[in-house]
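These notes are about the structure you will find just below.
Here, each number is a calculation from the coordinates, and none is a lab measurement. Keep in mind the model is a prediction, meaning the values are calculated, not measured. Methodologically, a virtual Cβ is constructed for each residue, glycine included, from the backbone with ideal geometry; neighbour enumeration extends over all protein chains shown.
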Amino acid sequence: MKRCFPVTLLALALAFGLPPLLLPRAEPAPAEAPARTDAELLLRLRTDAGVQEISMAEYLPLALAGEMPAAFQPEALKAQAVALRSFALFQREQGKAAHPEADVCCDPSCCAAWVSEETLRERWGEDYESYAARMQEAVRETDGQYLVWAERPILAVFHASSLGRTEDGAALGLSLPYLQSVSTPETPETVRQLLSTVEVTPEDFAASLLAQDPTADFSGPPETWLGPLRLDAAGRAEGLQAGGRDFSALTLRQIFALRSTAFTLAWDGEKFLFRVCGYGHGLGMSQHGADCLAKAGADYAEILAHYYPGTELVVALR
């Protein structure tokens, strides 16, 4: 198994599905540990009903169903299954301050959107059997496989979609070598609602930002309120000045319910207009991008290697 440079920084807890995390430990895995199947890997799952111990084989199909549309390409579903397994193993190894009694939970803003079989039967209706079979197949055909960096499970975060490029982890305080900005193939023609807009009246714009920073000055005409939009290395919004005060793109996304930080902002003479690209934090694998790559002929290992560069695909050892 190849060795790579260790991670040195993970200081910022992120909004939008990236809670506080700890650095992976650098100790190598036991050399003689036997490989295990999903049925042998146990997780402590927290649901609304409490904490239960279940196998990875039981957990993954329902987490996969909660995170990726069942109609996506089989190779995209397999890539998502491996990402979810990697994420769960990372959390099992590191622990989670939000729920130390459990490895993972069913909250998508914290871990993954695990859903119950009853919920899926209601959601999928007459398609339940065929869709459930697709989830089971994706998990079964990647049984025990996960991604590592420096021989440890990776933080395999993912998001719905990006336009052109994914985000670089360093831009959001996650300086992990495998969370780099990479190209992603989805377009407005291939992904519905890849582009979105949010309109805000000047009254709501000023009131919302004043609630964050009462020292901001919106006494002049609205066309004078905005400073230049700052962009990060991936071309996403990093922040801007409004009313003479700095606001981060993450803050603006949260306040105005934007689908991502890949946005522009302008005053059109009547209102403030956000034009937004993609959905999610932009880190790691783009789910719609994975589906596009699968449609173009990529297999799940190629998809994972693209979105998590430098990682290695292995079989679970613990």
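How would you order 130-136, 162-168 from highest to lowest mean count of nearby Cβ atoms within 10 Å? Don't skip to the answer; put the middle values down first.
Details: 130-136: 16.1, 162-168: 23.6.
My ranking of the peptides, most packed first, is 162-168, 130-136.
For residue 230 and residue 215 in the same chain, what is the full-extension length gain: residue separation times 0.36 nm, less their Cα-Cα distance, in nm?
My answer for the length gained is 3.3 nm.
Taking neighbour Cβ counts within 10 Å as the exposure measure, how do 295, 96 sort from fewest upward?
Placing the least packed residue first, the sequence is 295, 96.
What's the angle, to the nearest 10 degrees (0 to 90), between helix 74-94's Cα axis and the longest principal axis of the chain?
Orientation of helix 74-94: about 90 degrees from the principal axis.
When you have a sec, figure out the Kirkwood radius of the stretch 92-218 from all distinct Cα pair distances and drop it here in Å to one decimal?
Values: mean 1/r = 0.0514 Å⁻¹.
Evaluated on the stretch 92-218, it is 19.4 Å.
So if I restrict to the alpha-carbon atoms in the chain, what is the Rg, and what is Dmax, the biggest pairwise distance, in Å?
Final numbers for Rg and Dmax: 20.8, 70 Å.
Please state the equivalent ellipsoid semi-axes for the stretch 195-277: what are the square roots of 5 times the Cα gyration tensor eigenvalues, largest first, in whole Å? Before the final figure, lay out each step's value.
Working: eigenvalues 71, 39, 27 Å².
The answer is 19, 14, 12 Å, longest axis first.
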